[in-house]
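In what follows, a structure is listed as C-alpha cells, so that the remarks can point back to it.
Bear in mind that the values in this text are calculations on the coordinates, not laboratory data. If you're wondering where the values come from, they're calculated on a predicted model, not measured in any experiment. For neighbour counting, all protein chains shown are included, and Cβ atoms are generated from backbone atoms with ideal geometry for every residue, glycine included.
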Amino acid sequence: MNDTLDRPLFFITVFLAMTGVVMIYSATHNAPGIGTSQYMMQSIWFGTGLIVMYLTYLLPLRFLQAGTVPVFILVIILLIAVLATGTTKGASRWIRFGAIGIQPSELAKIAVILILAQYLEPPRRNIRRPLVLFTACILVGLPVALILKQPDLGTSLVFGAILCGMLLWAGLSILELVLFISPVIGILIAVISGFNWIVWAIFMLTLFGIMYIKRPPISLVVALIVIQIGVGLTAEPLWDSLHDYQRQRVETFLKPQEDVLGAGYQIIQSQIAIGSGGMFGRGLLQGSQTQLAFLPEQQTDFIFSVVGEELGFVGSVSVLILFYVLIIRGIKIAVNVKGSFQSLIAAGCVSVFSFHVIMNVGMTIGLLPVAGVPLPFLSYGGSFLMTSMILSGLLLNAWRHRYEY
C-alpha cells in the first residue's frame, strides 16, 4: 500500500463485502436445497472480486481511455447474445459457460460510465447543446433497450441514475436536468395519478414555468412540447404494455395491504423482519423471519431485511453509515481529481452506488416499489458483486491518477 491508495474506500469495500458473506450465510444455511452453497460461492466471488478490484486500481489511465469504446461494443454484443441464449427464471439475463454465469447487464453499467465519461469530457463538449444531450441518451438508451427486452426493469432503472448523475457533474443545472428528464417525470405522474388529465395539465403548466425561468433554446422548447404531447397520448398504452408483474410491483407499492398474501407479501414480511430486530437485533442465525424463510429471495434483493432483523437498528445504521462514507469518498474523489475523465468516472460510480442503496433500502422498508434492485456488496450474486468491486476499483484508479489530466 502507498499514498496513491484511498485506504478508507478500500477497507469499507472489503468490510461491506465480508458482511455480505456473513449475512448470506445466515439467510441461506437452513434453506432446503441451498445449504452453504451460496455462502461458499459468494466467498469465492469476493476473493476473485478483490483481485479484480486491485487490477482495476492498477490500470494505466491511457489504457482505460483506449479501452472505453471496445468495452462498450463488447457489452452490446453480449446483451444481444444473451437474448438468444440465456434464460433464468423465465427471463434472458445470463450467459453461461458451464457452471459460471455472466450477467451482461451488470457489465453494461461499467461500460456506460466509461463511454459517457469519454464523450462528455470537456472542453470538447458543450453539455447544453441538444445534439450532445441526444447523443448521450442514445449511448445510454441502446443498452437499456436491450436490458428491457430481457426483461429486467430493475437493472434498467440504474442507467437513468448514471445519465442524470453524470450530466449534472458535467455542468447541467438541476432545473436544466428537470427539463431534460421531464418526459420521464410526465410518465410517472400519469401512472401515479391514474392517467388524470387535470394532473398532467398542472404538470405541463409547471414545466412551462421552468422553461420561462431558464429560457432554453427555442429548438429545445419545441422538442419538449412535442415529446410531452407524445407522452400524454402514449402513457396509458405504455403502461398497459408492461408485464403484469411490473405493473403489480407499482400497484403493490401504492397499496401493499390490499394483497397481503400475494403481491404485498414481500414488503409486509420485510417490514416485519426489520421491525422485529429492535435496537440491537435478534442475533446472527436467530432471526425468526430469516431462519424460517418467510421472506422470498432474502439473500438477494431483501438482504437488508436480514441485517435489520438480526443486527437491529444499530447494525442497520452502521451499514448505512459505511455506505454514506463510501459515497462521500467517491464524491471527494470526483471533486479533487484534476482530469475530467477521472472525475466523470467517479461521478458515475457514485451514481450507481447511491441509486442502489436508496432503492434497495427504500423498497425493504416500504418507501419505494419493489424493483429488483440489489444492495451493493451485500446481496447474493457473482456478477453484481464483481461489478460493485470493479466500481470501487475505478474510484481507486481515479484517485491514483488524481494529478493527471
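Laid out as a table, the results:
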{"item": "Packing rank of 66-76, 329-339, where each peptide gets the mean count of other beta carbons within 10 Å, highest leading", "result": "329-339, 66-76"}
{"item": "Residue-by-residue Karplus 3J(HN,Hα) for the range 40-56, coefficients 6.51, -1.76, 1.60, Hz, glycine and proline x", "result": "5, 5, 5, 5, 5, 5, 5, x, 5, x, 4, 5, 5, 4, 5, 5, 5"}
{"item": "³J(HN,Hα), Karplus 6.51/-1.76/1.60, whole Hz, each residue of the range 329-344, x for Gly, Pro", "result": "4, x, 5, 4, 5, 4, 6, 9, 6, 7, x, 5, 4, 5, 5, 5"}
{"item": "Highest average packing first - 341-351, 161-171, 145-155, Cβ atoms within 10 Å", "result": "341-351, 161-171, 145-155"}
{"item": "Gap separating the Cα centres of the range 59-78 and the range 346-378, nearest whole Å", "result": "26 Å"}
{"item": "Integer Hz, Karplus 6.51/-1.76/1.60 couplings in order for the range 297-310, x for Gly and Pro", "result": "6, 5, 7, 10, 5, 10, 5, 5, 5, 5, 4, x, 6, 8"}
{"item": "Charge context of residue 214, other residues only, Cβ under 13 angstrom, K/R +1, D/E -1", "result": "+1"}
{"item": "Cβ-based net charge around residue 23, under 15 Å, with every Lys or Arg adding one and every Asp or Glu removing one", "result": "-3"}
{"item": "The range 100-166: relative contact order as a whole-number percent, Cα under 8 Å and 6+ apart", "result": "38 percent"}
